[in-house]
Amino acid sequence: MKRIIYIIAINTIGLCSTFSQNIDSFKWLEGSWKIETGTGTNLETWKIKNDSTLSAQSIFVYGKDTVPQEKIELKYRNENWYYHPVLDGQDETNSVQFKVILVKGTEFISENPDHDFPQRISYRRIKDQIFASIEGKNDGKYMKQNFDFKRN
């Protein structure tokens, strides 16, 4: 019985620490990150906006043309962190938020099980690379797309 209580206590402490993270827990995102493709470069640039919000701009550059992709905010509201992407041309009131469910070192995972696709977005930094992914069910089939960024 003591062992069960101990396990529950440890899991609860871990869960609580996930949601009490401050902006310092996400500073590793700061800077410009790129993915080279056959047709151009995808750039994602993260900045600290204030003590409760990071913002990012994602653009695609090919040749002399620059195409905005999305704006992202990682924000602390109502005692939780949220990943909030807004696609270029999308009305922000129709955008979807993903609740951050895990923050550990240089990694975070966010989820919105009610979204059509993706239901999960994650970022993990290793040295000068960020490995991001979107995943979930799309038309009943599991899909995952990886985005491997390098420091720009």
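The values are calculated or read from the model by the stated rules, or taken from the named source; none is laboratory data. Since the model is a prediction, treat every value here as computed from it, not as a measurement. All Cβ positions, glycine included, derive from the backbone under ideal geometry; neighbour counts span all protein chains shown.
Is it true that ASN152 is at pLDDT 95 or above, farther than 25 Å from GLN21 by Cα, surrounded by 14 or more Cβ atoms within 10 Å (Cβ to Cβ) and in contact with a Lys or Arg (Cβ under 8 Å, 6 or more places away or on another chain)? In short, no. Total residues in segment 98-139 satisfying the condition of being of a type outside the set (A, V, I, L, M, F, W, C), in contact with a strand residue (DSSP E or B) (Cβ under 7 Å, 6 or more places away or on another chain) and in a strand (DSSP E or B): the figure is 12. From the list SER25, SER32, the one residue that fits, being of a type outside the set (Lys, Arg), at pLDDT 95 or above, part of a helix (DSSP H, G or I) and closer than 21 Å to ASP128 by Cα, is SER25. With respect to TYR142, determine if the residue is surrounded by fewer than 16 Cβ atoms within 10 Å (Cβ to Cβ) and in a strand (DSSP E or B). Taking the combined requirement at face value, the residue satisfies it.
If I filter segment 52-79 down to residues being charged (D, E, K, R) and within 15 Å of VAL96 (Cα to Cα), which single residue comes out as nearest to the chain's Cα centre (by Cα)? For segment 52-79, the residue satisfying everything is GLU73. One residue is enough: does segment 57-80 have a residue meeting the conditions closer than 19 Å to ASN146 by Cβ, surrounded by 17 or more Cβ atoms within 10 Å (Cβ to Cβ) and among the acidic types (Asp, Glu)? Within segment 57-80 (the criterion being closer than 19 Å to ASN146 by Cβ, surrounded by 17 or more Cβ atoms within 10 Å (Cβ to Cβ) and among the acidic types (Asp, Glu)), the answer is no, since none of the residues qualifies. For segment 80-103, the set of residues classified as more than 12 Å from the chain's Cα centre (by Cα) and in contact (Cβ under 8 Å) with a residue 24 or more places away in the chain consists of ASN80 only.
Let me confirm something: among LYS49, LYS75, LYS71, which residue is of a type in the set (Lys, Arg) and touching a helix residue (DSSP H, G or I) at 6+ places or on another chain (Cβ under 9 Å)?
Working: LYS49 fails: touching a helix residue (DSSP H, G or I) at 6+ places or on another chain (Cβ under 9 Å); LYS75 fails: touching a helix residue (DSSP H, G or I) at 6+ places or on another chain (Cβ under 9 Å).
Matching residue, one of LYS49, LYS75, LYS71: LYS71.
When THR12 is tested against (1) within 14 Å of VAL103 (Cβ to Cβ); (2) of a type in the set (S, T, N, Q); (3) at pLDDT below 95, just one condition goes unmet, and that condition is (1).
Being part of a loop (DSSP other than H, G, I, E, B), closer than 24 Å to ASP24 by Cα and of a type outside the set (S, T, N, Q): is that true of GLY89 here? When the stated conditions are applied, GLY89 does not pass them. Here SER52 does not fit the description of being touching a His at 6+ places or on another chain (Cβ under 7 Å) and not hydrophobic (A, V, I, L, M, F, W, C).
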